[in-house]
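The values are calculated or read from the model by the stated rules, or taken from the named source; none is laboratory data. Keep in mind it's a predicted model, so treat the numbers as computed, not measured. Note that we place each Cβ from the backbone using ideal geometry, even for glycine, and neighbour counts take in every protein chain shown. Quick note on the areas: whole protein, heavy atoms, side chains included, nothing else; ligands and nucleic acids left out. Shrake-Rupley method; radii C 1.70, N 1.55, O 1.52, S 1.80 Å.
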Amino acid sequence: MAQEKQYIVSTSPHAHSGASVHRIMLDVIIALLPAVAASVYFFGWQALRITAVCIISSLAIEAISRKMMGRNLGIGDLSAVVTGLLLALNLPPSLPSWMAIVGCIFAIGIAKQLFGGIGYNPFNPALVGRVALLVAFPVAMTKWNDALNPDRWSGLAWAVDATTTATPLGAVKTALSNTGVIPTDLLMSSKSMINYMLGDMSGSVGEVSAIALIIGGIYLLWRKCISWHIPVAFIGTVAIFAGILHAVNSDTNMPISFHLLSGGLMLGAIFMATDMVTSPITKKGMLVFGVGCGLLTMLIRRWGGYPEGVSFSILLMNAVTPLINRATHPRIFGHVAKKAKTGVNDK
Amino acid sequence: MTTAILITAFTIGIIGLVCGIILSVSAKFLAVKEDPRIGEVEELLPSANCGGCGYAGCADYAKAIIVDGAPINLCSPGGADTLAALGKYTGQEAVAGEKMVAVVMCGGDNTKASKKFQYNGIVDCAAAASVAGGDKTCSYGCLGYGSCVRVCPADAIEIVNGIAVVHPELCISCGACVAACPRDIITMTPASETIHVFCNSKDKGPIVKKACEVGCIGCRMCVKLGGETFVMDGFLAKRDYSIEVADEIIVEKCPGKCIVNTKQSKTTGESV
Amino acid sequence: MNIVKALFKSQGGIHPKYNKELSRDKKIETMPIAPLLKVSMSQHLGAPAKPLVKKGDLVLRGQQIGEAAGFISANVHAPTSGTVKAVAEAPTAIGAKIPAIEIEPDGEDKWIDGISGIQDWKNADNKELIAKIAEAGISGMGGAGFPTHVKLSPPPNKPIDTLIINGAECEPYLTADHRLMVEHAAEIRTGIEIIRKILSVKTVRIAIESNKPESIEAMNKALADIDGDVEIAVLKTEYPQGAEKQQIFAITGKEVPSAGLPMDVGCVVENVGTTLAIQDAIINGKPVTERVTTVTGNPVTSPKNVLVRLGTSYTDLLEFCGSTKNDVAKIISGGPMMGFAQPNLDVCTTKTTSGLLFLAPKEVYNYESMPCISCGRCVEACPMNLMPSELSFMLEAEEFAEAQELNVMDCIECGCCSFSCPAHRPLVQHMKQGKAWVMLQRRKKQ
Ligand code: SF4
Ligand code: SF4
């Protein structure tokens, strides 16, 4: 049949803010660039290698699994890049590439696509990847490089494991269990504090430089990709909890600054816990979520078997996110409490 | 490490055990007494739970057979086997009802029917129909957004070139699609019948003609030629399936080209 | 008379591009009568009116041609003098087909005899005034079209203490109300005084968004010497500050209860256009036969604020404003946030036509139904504090009863959620479907 010119008809509204999933993911990537740059500076080739491997394999796995599951959405929404990048930032720089790929398979193939793809995954894919690797390869996953190792640019040090050390948190925890007190030389001097801020310490690819992560966080806040609720509640809870412990017994408890800066807290609180899909929608829920993450992190760090608890705590809170959402529904406009409704609220 | 794992496994095992005991005990005590025959009849049904029999599911139908003495030939997915088994069980005579299949009474696919506008929104017929009256120029035709496809338990419906088409050999006559269609286009018809009026438009001829190449223009030709087989409902011809089509000449004569014998038109895409 | 800032800030809301500069400074122009007028019997919310004339009848301007059918309905009058060509179904802006009276104007535009106002309205009986308003067929001219005489007769158990005159015009693009305030402030003032008398309220607030300094000034001038508690309340420029419930909250801090009406919190809200129509009916005795509407959008060659007769087709309306340069992809009756997209220009102007908007292809965005990424932007934007993400998820799965539990009926269809959604989900369409389902259940129960 001959067709006349057809206009587009849809329900209202006919205007849009212009926001898109693609743009949000791009913003997260931009926000992560300082952290990536810092890690490359501190760990050299290794950091670059892990990052590249994770991003490329994530994209590939995303494409393959989408095809397999017959989802026709392209990989253009960049969410796979974000997942790959975040996973890389959570891995030790010296991890063999093939293990990183296995991590990506867990992250994208299982944690994300098996649950229905973007929007449906209950757990943060990057963290699932990381925890899966931690369980599967506990040795490789806890082998840390020294930052600023002089060899970091020598040759293409793909598989060379440079001098390995423990992370600051790990070192303290080991010393603590051996001697019962925190060795004073590991405690924060003002010099080491600055080092920790900048990232001059051992740790996973992306967690070391608090400054770079905070810069990224500020960018995300400015772009309204995250709200302050989760990071502030998370970090605040850790600070208060650590402060109380330290005040009670400073021999066996690390100072606040050490807790805040020496582990994966900044990365976790700013980038991992704020993942939109797996964190609560309501503001109140975000606060609950942040506080929960903070409490669990401190419980694990202080009393648990692992020196670090950020990943586990976020994953555990992911599991209760639907509950938190349900419990924190905002009060709907016009659903006034009985009292206010009957009482004439004239002033 | 190993002890931790053991402890965890043990704890979870205990919890599972306790829950299991509670469940089985409560199942014993809270069980509703039911005629055991209902369960047995249910066993004979295919558990498709399609609702085609008019009951809420196989269990409900089984209950109806035992308690209310409902006819035993209502289950179409089960076919002859189920009927025979039911007949044997109840001692009733197993007389098969005629198999019914769903037919989408619209032939206005994208090549034949025009559209008023480009719809953008939820891919669902009811949703599309509520936006400016649906994008099809004809306000009676199949919208092709597949609400029926999604409810069909047998995957018997396909969208072909913008309209829904039922594959009769797959249809289990549950009627889910009939209920899902916001335009009431889908009709249950006897499976043996292959001549239908593929139009649902009650509009007058000129309006129909503007909207679609294969619409019923209400010319009454079929009524004249086919006698009682066709009846007029306003400006729309309908088949009376209780009377067989005596002369297939009408298929060729229909000026609106909307009376089609699905047996012969395998290639035209109207139906299979 | 004071100009004050609105005290309260309702939750949610968005800041779309307003694009009002296209027509903001264009004086209202009177459009010549079109060669054929199709006056729909559904010009308002509620039951369509009953046609009173038949083919071949001669009608005069202001002659009643449709009679209110039921309590919530409104009279319809001939917009000009001429011959009735047909009484036939015609499409309305929402896509329904409703009987319309086609009038071929005779060009004389002769008023019906006996048009007279109530000059001494100050001492007139309220019943008489309300009857006059009902007779004139006035219904809300902001967009919803609620019959005004019903609004002005609240039951005795609902005392009214505040009258709000809605000049917010928060919909992007539209400027008709703005122009009315700038050019007809004095008449609007009289309208306000009439409504104030009918409702015998003391407190009057004129709500105008802060992005309309000219309207504020014009109204301020016109109202300078008015007695009593009358204030211009300047609202923050934010969509949807013009929505009744949000506006009442912004000004009084009171929340209209769920499923309730403004009168439940002692308020009546009237749009400035309606206020003007009331003035016209009482002072001049004229029923509604025309309205001011904004024809706008980037593709329109000369966007205008047009005084147009009811029943003028959108085609004629556009012609009066030039034509459309380059491509048009979407035509909207009303504003971009709550207006209705049109398949063509066949629909005719009614009392609720607040604007006619044309969008170019690149201004149209597509709904895509990507999965929700739980970003929470819709929750933040919803002025009713609903959880659109969750509701749409349920409604997508056709869990209507659950959505009803979660108060889908409280949705005002403002569109803030869809506007904000990065996944381009058709949230409002889901809400509409959910609400339609609930309404259907209610009707079934009756
Ligand atoms: S359309 Fe409804 S759900 Fe969406 S923001 Fe407006 S009131 Fe909230
Ligand atoms: S704005 Fe869209 S993507 Fe974000 S929570 Fe709401 S529905 Fe989901």
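Go over the candidates C:Val408, C:Val379 one by one and state the one that is within 13 Å of ligand 1 (Cβ to nearest atom) and facing another protein chain (nearest Cβ under 8 Å).
Result of the check over C:Val408, C:Val379: C:Val379.
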Reported set for the stretch C:379-402 where residues are part of a helix (DSSP H, G or I) and away from ligand 2 (no atom under 14 Å from the Cβ) is C:Phe400, C:Ala401, C:Glu402
Candidate set from the stretch C:357-376 (those that are under 29 Å from the mean Cα position of the chain (by Cα) and free of Cβ contacts under 8 Å to residues at least 40 places away in the same chain); member that is nearest to the other protein chains (Cβ to nearest Cβ):
C:Val364
Hey, A:Ile118 hydrophobic (A, V, I, L, M, F, W, C) and either in the same structural domain as A:Glu207 (by TED's automatic domain parsing) or not in a helix (DSSP H, G or I) (or both) or not
yes
Is it the case that the stretch C:18-32 has a residue that's at positive phi and more than 14 Å from every other protein chain (Cβ to nearest Cβ)?
no
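If you check C:Gly415 against the conditions, is it within 16 Å of ligand 2 (Cβ to nearest atom), more than 10 Å from every other protein chain (Cβ to nearest Cβ), touching a helix residue (DSSP H, G or I) at 6+ places or on another chain (Cβ under 6 Å) and touching a residue at least 40 places away in the same chain (Cβ under 8 Å)?
Values: within 16 Å of ligand 2 (Cβ to nearest atom): yes; more than 10 Å from every other protein chain (Cβ to nearest Cβ): no; touching a helix residue (DSSP H, G or I) at 6+ places or on another chain (Cβ under 6 Å): yes; touching a residue at least 40 places away in the same chain (Cβ under 8 Å): yes.
Against the criterion (within 16 Å of ligand 2 (Cβ to nearest atom), more than 10 Å from every other protein chain (Cβ to nearest Cβ), touching a helix residue (DSSP H, G or I) at 6+ places or on another chain (Cβ under 6 Å) and touching a residue at least 40 places away in the same chain (Cβ under 8 Å)), C:Gly415 does not qualify.
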Hey, among the residues in the stretch A:9-48 that are of a type outside the set (A, V, I, L, M, F, W, C) and crowded, with 24+ Cβ neighbours inside 10 Å, which one's farthest from the other protein chains (Cβ to nearest Cβ)?
A:Gln46
Using the structure shown, decide if B:Ile157 is touching a Leu at 6+ places or on another chain (Cβ under 9 Å), open to solvent by less than 50 Å² (accessible area, probe 1.4 Å), of a type in the set (Val, Ile, Thr) and more than 18 Å from B:Cys258 (Cβ to Cβ).
yes
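Among the helices (runs of 4 or more DSSP H) lying completely within the stretch C:169-281, list those that include at least 1 residues that are over 18 Å from the mean Cα position of the chain (by Cα) and of a type in the set (Asp, Glu).
On the way: elements: C:176-183, C:185-199, C:213-222, C:244-252, C:272-279.
In the stretch C:169-281, the matching helices (runs of 4 or more DSSP H) lie at C:176-183, C:185-199, C:213-222.
Restrict the check to the stretch B:95-115 and report whether at least one residue is open to solvent by 50 Å² or more (accessible area, probe 1.4 Å), away from chain C (no Cβ under 14 Å), free of Cβ contacts under 8 Å to residues at least 24 places away in the same chain and aliphatic (A, V, I, L, M).
Taking every residue of the stretch B:95-115 in turn, at least one turns out to be open to solvent by 50 Å² or more (accessible area, probe 1.4 Å), away from chain C (no Cβ under 14 Å), free of Cβ contacts under 8 Å to residues at least 24 places away in the same chain and aliphatic (A, V, I, L, M).
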Mind checking which residues of the stretch C:319-337 are within 14 Å of chain B (Cβ to nearest Cβ) and aliphatic (A, V, I, L, M)?
C:Val328, C:Ala329, C:Ile331, C:Ile332
For B:Gly51, only one of the following conditions fails: (1) open to solvent by less than 20 Å² (accessible area, probe 1.4 Å); (2) at pLDDT below 80. What is its number?
(1)
Restricting the search to the stretch C:411-431, which residues are open to solvent by 20 Å² or more (accessible area, probe 1.4 Å) and either farther than 19 Å from C:Ala243 by Cα or more than 9 Å from ligand 1 (Cβ to nearest atom) (or both)?
C:His424
Yes or no: C:Asp316 within 14 Å of chain B (Cβ to nearest Cβ) and open to solvent by 30 Å² or more (accessible area, probe 1.4 Å)?
no
Under 6 Å by Cβ, and 6 or more places apart or on different chains, what pairs join a residue from the stretch A:212-226 that is open to solvent by 10 Å² or more (accessible area, probe 1.4 Å) with one that is outside any helix (DSSP H, G or I)?
A:Ile226/A:Thr274
Out of A:Gly268, A:Gly334, A:Gly285, I need the residue that is at pLDDT 90 or above, farther than 14 Å from A:Ala239 by Cα and within 10 Å of chain C (Cβ to nearest Cβ). Which one?
A:Gly285
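Here is a check on your reading of the model: is A:Ser204 among the hydroxyl-bearing types (Ser, Thr, Tyr) and surrounded by 16 or more Cβ atoms within 10 Å (Cβ to Cβ)?
Spelling it out, A:Ser204 is indeed among the hydroxyl-bearing types (Ser, Thr, Tyr) and surrounded by 16 or more Cβ atoms within 10 Å (Cβ to Cβ).
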Quick one: count up the residues across the stretch C:275-287 that are in contact with a strand residue (DSSP E or B) (Cβ under 8 Å, 6 or more places away or on another chain) and open to solvent by less than 10 Å² (accessible area, probe 1.4 Å).
2
